1. Kindly list, by first and then second residue, each pair from a residue in segment A:144-161 that is in the same structural domain as A:Pro131 (by TED's automatic domain parsing) to a residue that is among the charged types (D, E, K, R) and assigned to a strand (DSSP E or B), limited to pairs with Cβ atoms under 9 Å and residues at least 6 apart or on different chains.
2. Here are some conditions: (1) over 16 Å from B:Arg126 (Cα atoms); (2) within 9 Å of chain B (Cβ to nearest Cβ). A:Ala31 meets all but one. Which one does it not meet?
3. With the requirement that a residue be modelled with pLDDT under 80, surrounded by 10 or more Cβ atoms within 10 Å (Cβ to Cβ) and not in a loop (DSSP other than H, G, I, E, B), what does segment A:103-132 give you?
4. Can you spot a residue in segment B:148-166 that is buried (at least 21 other Cβ atoms within 10 Å of the Cβ), under 18 Å from A:Glu8 (Cα atoms) and modelled with pLDDT of 90 or more?
5. Do we find a residue being of a type in the set (Asp, Glu) and part of a helix (DSSP H, G or I) anywhere in segment A:26-36?
6. Among A:Val58, A:Val92, which is the only one that is without any contact (Cβ under 8 Å) to a residue 40 or more places away in the chain and more than 10 Å from chain B (Cβ to nearest Cβ)?
7. For segment A:3-28, which residues satisfy the criterion of being within 11 Å of chain B (Cβ to nearest Cβ), more than 60 Å from the chain's Cα centre (by Cα) and exposed (fewer than 14 other Cβ atoms within 10 Å of the Cβ)?
8. Test A:Ala67 against the criterion of being free of Cβ contacts under 8 Å to residues at least 24 places away in the same chain, assigned to a loop (DSSP other than H, G, I, E, B), within 7 Å of another protein chain (Cβ to nearest Cβ) and buried (at least 17 other Cβ atoms within 10 Å of the Cβ), and give yes or no.
Amino acid sequence: MSCEQWEETLMDLARGGLVDPRRAEEATAHAAGCESCAALLARERRLGAELRSLGRLVRSMEAPPHAEQAVMDGFHNHHSRRREAAAARWLVVAAMLALLVSAALVLLRPAPKHRAATPPVEDFRGFVAVPYRVAPMERGYVVRVQMSRNALVSLGMPVSAGQPEVVQADLLLAEDGLAQAVRLVR
Amino acid sequence: MWTHPNDDAGLLSRSLAGDAEAFTALYRRRQSAVYRFALHMSGSAAVADDVTQETFLALLREGRGFDPSRGPLAAYLAGIARKQVLKVLSRDRVYEPDDALEQRITAWEDALGGLLRRESVEAVRRAVLALPAQYREVVVLCDLEEMDYAGAALALGVPVGTVRSRLNRGRRLLMERLGVGREARTATARCTT
């Protein structure tokens, strides 16, 4: 091992960090036979000893007690802010979900059929089915007409004696135009 | 990776989940090394105090980035502390050793019953403080804190080879500053073996 090669091992040799036992043995043997390199090793070890002395001197030094209190205050503030942020995120998510559900309800609501021709559901109250009606009606529309009392009777509508000769009535017509039910307009 | 709830990684995990008891335990276990690193790097007890606090608060913010498979938490913390120290050093440029630190060291020396020569230790401390930051940090980690090369590499974010070369250079500079330079090599004939 030349001096140049040996110098490459100097720091690790002095610090006890040469992991290859054969190389450590060669380096130690070189230093034992070379006065100049032995002097360098001695200086390197002296420096190491001085550094270790300084390291040990301050080894038991610690941060002052108030630092722990400050750090723990910071810890509680940090997690308090995180909890608030998490709560705010959940609120936003909940609001968005509510918005989505509302929008879905509006969009998915079944559209009323024949909105123009068919009155609202409650307007079908009071209809009396005509006697010749043979099958349930699937679709239809309402027309308002003036009818005589006799026509009403022929459609099966009960007529009282006090009613005028001509009355207004709603006729519920099927798609084929046949009257299915009738009611008086009040 | 599996971690025990009371090892460093376990304590960190519990701390990040809001467990104050775990964070207290972690702080008490690791604050001393962080404080000493900052003290050696800055030469100021006040800076070391601030850096220690900032390091643990930064750990709360950035701790989820810690990967136990890459190295110990001590090295990860040293990396955070290093950033904090360099921030202070770049802001305030020069730090003279403060009186409070001098008094504390004197007190420790007295407590050790004069086992160490004050002049020598003080000279080494000043020489370390006078090193450029990139050499000082490896000397502090590897020689004063006795961290291994791999840990120092993790803390500094450089390859192990860089740690070794910087440590070698830092120690050469220290020898020159402490008057134990390498002039002996020129005075003594180099052997040929």
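The values are calculated or read from the model by the stated rules, or taken from the named source; none is laboratory data. What you see is a predicted model, and the numbers here were worked out from it, not measured in a lab. Cβ sites come from the backbone with ideal geometry, for glycine too, and all protein chains shown count toward neighbours.
1. A:Arg144/A:Asp170; A:Val145/A:Asp170; A:Met157/A:Arg183
2. (2)
3. Once the filter is applied, which keeps residues that are modelled with pLDDT under 80, surrounded by 10 or more Cβ atoms within 10 Å (Cβ to Cβ) and not in a loop (DSSP other than H, G, I, E, B), segment A:103-132 yields A:Asp123, A:Phe124.
4. yes
5. The answer is yes; a qualifying residue exists.
6. A:Val92
7. Listed by number, the residues that qualify are A:Glu4, A:Gln5.
8. No.
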